[in-house]
1. Can you put His74, His125, His96 in order, fewest other beta carbons within 10 Å first?
2. Using θ = phi - 60° and the Karplus form 6.51 cos²θ - 1.76 cosθ + 1.60, what ³J(HN,Hα) does each residue of segment 56-68 get, whole Hz, x for Gly and Pro?
3. Let me check against my output: what whole-number percent is the relative contact order of segment 8-199, with C-alpha pairs under 8 Å and at least 6 apart?
4. Calculate the spin-label point distance for Arg47 paired with Leu19, positioning each point 7 Å from the Cα along the beta-carbon direction, and give it in nanometres.
5. Take the residue pairs Lys56/Lys144; Lys144/Lys178; Lys49/Lys178 and return only those whose Cα atoms are more than 23 Å apart.
6. Which percent, to the nearest 5, of DSSP beta bridges fully inside segment 8-199 are antiparallel?
7. Using helices alone, what [θ] at 222 nm do you get for the chain, with -39,500 (n - 2.57) per DSSP H run of 4 or more residues, divided over all residues and rounded to the nearest 500?
8. Under a straight-distance cross-link criterion of Cα-Cα below 21 Å, which lysines are reachable from Lys20, leaving out those fewer than 8 residues away in the same chain?
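Each value in this text was obtained by applying a stated rule to the coordinates, not by laboratory testing. Just so it is clear, the structure is predicted and the values come from calculations on it, not from any experiment. When we count neighbours, we look across all protein chains shown, and the Cβ atoms used for this are built from the backbone with ideal geometry, even at glycine.
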Amino acid sequence: MTTTTQDFAVRTTIYAEELKGWGSLRIVPLVPAEDIDFVYEWVSQPRAKFWGMTEKSREEVLGIYEFLDSLDTHHAFLVVLDGEPLALFQTYEPLHDPVGEVYAAREGDIGMHLLLAPATRPIPHFTPRLATSLIKYMFSVPGKDRIIVEPDARNAKALRRLEATCFELGPIVQLEEKEAQLGFLTRAGFDEIQADNADR
């Protein structure tokens, strides 16, 4: 996890969940001017090459997130565990994003991006448990019943995570900055997976 002096307890919590063995998981809005130091550290590392910001300066990254903060259709958040930020999480409206031009986007869709912070200690089953919490949040947004993802088609680790989380892989499409693998998860499909897991 990242060492920071930020007090995330004062920020509005948009989603919270107590995770057994982990602690208190919260999703809070990103505040670009306050969070830029560790966010820039995360996005500029070679491990974050598919995030597309490794060549950008601190000021450029700050400008990107200040712009996102001004939009009603795109949102940036931090995932915080017991007060420590462990991921950068973004959602967007595909109908108001370039990805909406390469597939049949609809009002009930919500897109997402996720960048995990550099790990400083092992957390068992970290990625699938975190993904489940984020999916629960997205399906709590009124009117949203399908999650869309579009990782770089070369990002094998991201593709393995999607399949492990039961996303259905769609076509590979060309976006301005990358060749992307589309993935979809419906509310009905997620509910079915949750029910199956509860029966085990």
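1. Numbers: His74 17, His125 10, His96 14.
Exposure proxy ranking, most exposed first: His125, His96, His74.
2. 8, 7, 4, 5, 5, 5, 4, x, 4, 6, 5, 5, 4
3. On the way: 278 pairs, mean separation 28.0, N = 192.
15 percent.
4. Result: 1.6 nm between the two label points.
5. Numbers: Lys56/Lys144 33 Å; Lys144/Lys178 26 Å; Lys49/Lys178 12 Å.
Over 23 Å Cα-Cα: Lys56/Lys144; Lys144/Lys178.
6. Values: 34 of 37 bridges.
Roughly 90 percent of the beta bridges in segment 8-199 run antiparallel, per DSSP.
7. Working: 5 runs with 62 residues, N = 200.
After summing the helix terms and dividing by residue count, I get -9500 deg cm²/dmol.
8. Cα-Cα hits under 21 Å: Lys136.
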